[in-house]
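Asker: If you scroll down you'll find the structure; I have some questions about it.
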Amino acid sequence: MTPQELKNSILQLAIAGKLVKQRADEGTAEELFAQIQAEKQRLIAEGKLKKQKPLPEITEEEKPFDIPESWKWVRWGNLSLSIQYGYNAPGKTSGTIKMVRISDIQNNKINWSNVPWCEIPDDDIETYSLNKNDILFARTGGTVGKSFLVKNVTEKAIYAGYLIRTRYSEKLEPQYLKFFMESTLYWLQLREGTIATAQPNCNGKVLANMILPLPPLAEQKRIVAKIEQLLPYIDRYEKAWSRLQEFNKRFPSDMQKSLLQYAIEGKLVEQRAEEGTAEELFAQIQAEKQRLVAEGKLKKQKPLPEITEEEKPFDIPESWKWVRLGEVCIFENGDRSKKYPVESDYVKFGIPFFGAKDIVGKYLSFDNVRFISSEKFNELGNGKLRNQDFICLLRGSVGKCAIFKEKNDIRTGFICAQMVILRSINLDLCNYLYNYFISPVYDALIKGKITGTAVRQLAAKDLANMIFPLPPLAEQKRIVARLEELLPLCDRLKK
């Protein structure tokens with residue numbers, strides 16, 4: 001139940017006569033209604049009130065629920081002494097009198113410092129004056145139906161034309177009427193009477209014809225006292241509910257981050273001695289790189305600096321090893337030659353040319369990719385993709401990554417200059433790398449390396465120097481399998 005639903009329930013109990021007990025010694029609403037009508041007749045006879053047209057009798061079909069015997073269904077217009085539209089005049093920095101507008105009423109208070117002045121003939125001031133216990137009603141725009149009980153008037157003022165002022169007998173409790181104007185019954189009747197246009201509006205006739213349940217005056221006061229006693233609890237509930245909503249909103253993402261954190265700390269799956277060590281895997285990778293260098297398929301790389309204890313952000317299992325990305329991957333930039341494709345080089349179908357927009361998930365997306373011809377592809381240098389290449393964005397949305405997974409009819413592709421390929425010696429490593437790249441640890445490590453303000457960028461050499469925890473290959477596969485089982489559950493929670 002939302003805080004508003006809770007408040008609506010309390011207000012419904014209040015106007016249905018179920019919030020406080022009825023007391024015989026407090027009289028009846030019928031008696032109270034007769035006194036109000038007698039008062040109105042007296043004011044009409046004294047010329048202080050205009051005679052009103054009779055409103056239709058309330059039919060049984062109109063009554064939405066039962067009320068206590070001592071209560072009475074009445075129309076708002078039969079209770080009010082007047083329903084008066086506001087005064088139309090432009091707001092000024094100085095003038096005869098201040099004029100309250102809809103926009104000056106926020107959180108059930110008038111912001112008097114924002115209320116403008118206006119010019120109005122002296123003879124009209126009394127007609128549009130704003131007095132204590134008046135209720136203002138917004139009749140148009142996005143706030144149509146919004147009501148405001150004037151509890152005090154710190155400055156002499158009138159009210160603007162988009163507002164309606166309703167006044168009523170002192171034999172009624174103002175706050176009870178205001179609470180009615182916050183109830184579901186009030187809003188249902190308002191919606192039925194609102195004219196749906198570009199600027200929704202509701203008139204005084206709709207307000208006058210609204211029905212409301214009237215209790216005896218003493219009971220009105222007890223109802224108000226009870227609601228005001230409960231309001232602080234509603235406020236506390238709202239704060240707790242908002243915290244819970246925020247927690248629920250964050251929970252899937254926080255859970256996802258926690259799972260990835262556990263995964264790269266070696267806490268998501270157990271270690272198994274028979275799976276060997278990362279040291280052995282690292283040695284195999286280095287041997288493979290040396291073979292490729294000897295065969296002329298790979299340039300000899302400068303040794304990367306040793307990893308210091310200060311660089312390691314957390315402890316990892318003994319069978320794991322801290323390594324630099326450049327030690328276990330072959331880095332290749334996207335094409336930066338002058339032969340970079342121009343608009344005329346793109347074709348309807350050919351070899352996909354991937355850009356930042358195509359990184360939308362774990363794998364490079366073919367959905368909106370653009371194509372270049374085989375001839376153009378052969379002209380280009382670095383950036384030609386192979387199956388299971390790991391791609392990382394170095395400009396703009398720095399750190400976004402994806403894996404190139406070839407299709408049956410598309411065996412290769414090409415990446416733009418803002419990307420870098422991390423080509424793994426062992427193809428299975430890229431799946432583990434992907435989960436490392438979307439982890440909070442990777443975010444923290446690259447944060448201090450990113451440069452640029454208008455366009456964020458990360459140097460390929462800084463990425464190559466990035467450290468990450470390397471598990472044995474078999475454990476990597478088990479980690480990836482476990483994450484593929486758990487992470488979709490987090491995504492389902494987001495929905």
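Asker: Please give the per residue accessible area of the chain, computed with a probe of 1.4 Å over protein heavy atoms only, in Å².
Answerer: I get 54 Å² per residue for the chain.
Asker: Let me check I've understood the local charge: for I164, count other residues with C-beta under 12 angstrom from its C-beta, Lys and Arg +1, Asp and Glu -1. What total comes out?
Answerer: +4
Asker: With N set to the residue count of region 377-456, report its C-alpha Rg divided by 2.2 N^0.38 Å to two decimal places.
Answerer: Normalised Rg, Cα atoms only: 1.19.
Asker: In what sequence, largest accessible area first, do F251, F414, F371 appear using a 1.4 Å probe?
Answerer: Accessible-area ranking of F251, F414, F371, largest first: F251, F371, F414.
Asker: How much FRET efficiency would the formula 1/(1 + (r/R0)^6) give for K109 and A34, where r is the Cβ-Cβ distance and R0 is 25 Å, rounded to 0.05?
Answerer: Using R0 = 25 Å, I get an efficiency of 0.10.
Asker: Just to confirm the number: angle between the C-alpha axis of helix 217-264 and the first principal axis of the chain, 0 to 90 degrees, nearest 10?
Answerer: 0
Asker: Using a 7 Å offset from the Cα along the Cα-to-Cβ direction at both E5 and E155, what is the distance between the two label points in nm, to one decimal?
Answerer: The modelled label-to-label distance comes out at 4.3 nm.
Asker: Report D25's accessible area, 1.4 Å probe, all protein chains in place, as a number in Å² to the nearest 10.
Answerer: Around 130 Å² of this residue is reachable by solvent.
Asker: On to the next question. What is the local net charge at V74, summed over the other residues whose Cβ is closer than 12 Å to its Cβ (Lys, Arg +1; Asp, Glu -1)?
Answerer: Spelling it out: positives minus negatives among the neighbours equals 0.
Asker: Given q = 0.06, 0.09, 0.10 Å⁻¹, what are the Debye log10 I(q)/I(0) values for the chain, with equal point scatterers placed on the Cα positions and solvent ignored?
Answerer: With one equal scatterer per Cα and no solvent, log10 I(q)/I(0) is -0.57, -0.76, -0.81.
Asker: Measure up K297/K321; K109/K178; K339/K461; K267/K405 against 18 Å on the Cα-Cα distance and list the ones that go over.
Answerer: K297/K321; K339/K461; K267/K405
Asker: Using only Cα atoms, what is the ratio of the radius of gyration of region 191-282 to 2.2 N^0.38 Å?
Answerer: Working: Rg = 30.1 Å, N = 92, 2.2 N^0.38 = 12.3 Å.
Normalised by 2.2 N^0.38 Å, the Cα Rg of region 191-282 equals 2.45.
Asker: Let me ask something additional. Quick one: ranking L49, L470 by accessible area, 1.4 Å probe, largest first, what do you get? Don't skip to the answer; put the middle values down first.
Answerer: On the way: L49 30, L470 0 Å².
Result, largest first: L49, L470.
Asker: Using the C-alpha gyration tensor of region 20-102, what are the square roots of 5 times its eigenvalues, in whole angstrom, with the largest one first? All intermediate terms of the calculation are to be shown ahead of the outcome.
Answerer: Numbers: eigenvalues 241, 64, 45 Å².
The equivalent ellipsoid of region 20-102 has semi-axes of 35, 18, 15 Å.
Asker: Now for a separate question. Please tell me the relative contact order of region 175-302 in percent, rounded to the nearest whole number, where contacts are Cα pairs under 8 Å and at least six residues apart.
Answerer: RCO, region 175-302: 14 percent.
Asker: Related question: Taking every pair of Cα atoms in region 293-430, average 1/r, invert it to obtain the Kirkwood radius, and report Rg/Rh to two decimals.
Answerer: My calculation puts Rg/Rh at 1.02.
Asker: Considering every Cα-Cα pair within region 320-374, what fraction, in whole percent, is farther apart than 15 Å?
Answerer: On the way: 940 of 1485 pairs.
Taking all Cα-Cα pairs of region 320-374, the fraction more than 15 Å apart is 63 percent.
Asker: Further question: With all protein chains present, how much of the accessible area of the chain (probe radius 1.4 Å) comes from carbon and sulfur, to the nearest whole percent?
Answerer: Carbon and sulfur: 50 percent of the exposed surface of the chain.
Asker: I would also like to ask the following. Which net charge results when you count Lys and Arg as +1 and Asp and Glu as -1 among the other residues whose beta-carbon is under 14 Å from that of A14?
Answerer: Its environment carries a net charge of +3.
Asker: With a 1.4 Å probe and all protein chains in place, put R411, R423 in order of accessible area, largest first.
Answerer: Result of the area sort, largest leading: R411, R423.
Asker: Remind me, relative contact order of the chain in percent, using alpha carbon pairs under 8 angstrom and six or more residues apart?
Answerer: Relative contact order of the chain: 14 percent.
The values are calculated or read from the model by the stated rules, or taken from the named source; none is laboratory data. The shown structure was predicted, so the numbers you read here are calculated from the model rather than taken from an experiment. Positions of Cβ are backbone-derived with ideal geometry, glycine not excepted, and every protein chain shown enters the neighbour counts. Surface accessibility is based on the protein's heavy atoms, side chains included, excluding ligands, DNA and RNA. Shrake-Rupley method; radii C 1.70, N 1.55, O 1.52, S 1.80 Å.
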